[in-house]
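This report refers to the structure that appears directly beneath it.
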Amino acid sequence: MGRTRWVAGNWKMHGSRQANRALLDELVPGVSQLRGVECVVCVPFPYLGEVAGKLGGAPIAWGAQNVSEHAQGAYTGEVSAAMLAEFGCRYVIVGHSERRQLYGETDAQVAAKFAAVKAAGMTPILCVGETLQERDAGKTEEVVARQLGAVRFEEGVLAYEPVWAIGTGRNATPEQAQQVHAFLRRKVSPGTAIIYGGSVKPQNAGAIFAMPDVDGGLIGGASLVAKDFLDILKAAAK
Ligand code: PEP
């Protein structure tokens, strides 16, 4: 028996009720035929309930893309981990680079969000990754170690997402991904899933997932196209 693979789709701020239905209508039968891969879709907040209902008993888990670090209170516009858990949410992405870069999320906030997700009984998908400038300066390991070290990481999914590869069409080479994953592997408990994200497509998924320390992928753009997402899932499945 090989290890379980993970493929999570990050829909970002995309979708509509109709588009979501059409996507899931294709994904559910396709994913039902696959073995050895845990499939997750991380959905914008307003669609979570409807997506959960549509998935029913299908072998696709659902999650959120963000959460408040606070338990409750006067935080207009925020959503707490307990609220998500109350609806049966199982996964939450924390520390995505778009949140770190566009919304100024700090390592301390990411750590608090990670803890909030754990306390509510859900699984955080923690994103770490360096910018191109940091890579060029030889600081990749220093950056991902700092981002991971800020969090009391236990029993979560760890996603290595080089910022320069997200949404750019320029993926890390399998060797580049493997090098960072092997580094991260030494810092987490055995059995932790470490997945790669950044311009994963059907054309490159097989080679990236073949690396010994790559346990699957966090998929942005390609997770919105049923055929592409299914082909990526197939590349990860047994
Ligand atoms: C992401 O949003 O986490 C991501 C990896 O995006 P993309 O696959 O589009 O690069």
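The values are calculated or read from the model by the stated rules, or taken from the named source; none is laboratory data. The shown structure was predicted, so the numbers you read here are calculated from the model rather than taken from an experiment. Here the Cβ is made from the backbone with ideal geometry for all residues, glycine too, and neighbour counts use every protein chain on show.
When you scan the stretch 65-85, do you find a residue that is touching a residue at least 12 places away in the same chain (Cβ under 8 Å) and under 21 Å from residue 228 (Cα atoms), even just one?
Yes, some residue in the stretch 65-85 is touching a residue at least 12 places away in the same chain (Cβ under 8 Å) and under 21 Å from residue 228 (Cα atoms).
Which residues, counting only those in the stretch 210-225, are within 12 Å of the ligand (Cβ to nearest atom) and more than 16 Å from the chain's Cα centre (by Cα)?
If the condition is that a residue be within 12 Å of the ligand (Cβ to nearest atom) and more than 16 Å from the chain's Cα centre (by Cα), then 225 is the only one that fits.
How many residues are more than 10 Å from the ligand (Cβ to nearest atom), closer than 18 Å to residue 160 by Cβ and buried (at least 24 other Cβ atoms within 10 Å of the Cβ) when one looks only at the stretch 226-238?
Residues flagged as more than 10 Å from the ligand (Cβ to nearest atom), closer than 18 Å to residue 160 by Cβ and buried (at least 24 other Cβ atoms within 10 Å of the Cβ) within the stretch 226-238 amount to 1.
Determine whether the stretch 11-25 contains at least one residue that is over 20 Å from residue 125 (Cα atoms), assigned to a helix (DSSP H, G or I), at pLDDT 95 or above and within 16 Å of the ligand (Cβ to nearest atom).
Yes, the stretch 11-25 contains at least one residue that is over 20 Å from residue 125 (Cα atoms), assigned to a helix (DSSP H, G or I), at pLDDT 95 or above and within 16 Å of the ligand (Cβ to nearest atom).
Name the single residue, out of those in the stretch 192-202 being part of a loop (DSSP other than H, G, I, E, B) and within 15 Å of the ligand (Cβ to nearest atom), that is farthest from residue 220 (Cα to Cα).
Ranking the qualifying residues of the stretch 192-202, first place goes to 201.
Filter the stretch 168-191 down to the residues that are surrounded by 14 or more Cβ atoms within 10 Å (Cβ to Cβ) and within 14 Å of the ligand (Cβ to nearest atom), then identify the one that is nearest to residue 210 (Cα to Cα).
177
Provide a single number: the residues in the stretch 145-167 that are within 15 Å of the ligand (Cβ to nearest atom), within 19 Å of residue 63 (Cβ to Cβ) and either in contact (Cβ under 8 Å) with a residue 40 or more places away in the chain or touching an Asp or Glu at 6+ places or on another chain (Cβ under 6 Å) (or both).
4
Looking at (1) within 16 Å of the ligand (Cβ to nearest atom); (2) surrounded by 14 or more Cβ atoms within 10 Å (Cβ to Cβ); (3) assigned to a loop (DSSP other than H, G, I, E, B), which is the only condition residue 34 fails?
Among (1) within 16 Å of the ligand (Cβ to nearest atom); (2) surrounded by 14 or more Cβ atoms within 10 Å (Cβ to Cβ); (3) assigned to a loop (DSSP other than H, G, I, E, B), the lone unmet condition for residue 34 is (1).
In the set 50, 69, 38, which member is farther than 21 Å from residue 197 by Cβ and within 19 Å of the chain's Cα centre (by Cα)?
Answer to the check: 69.
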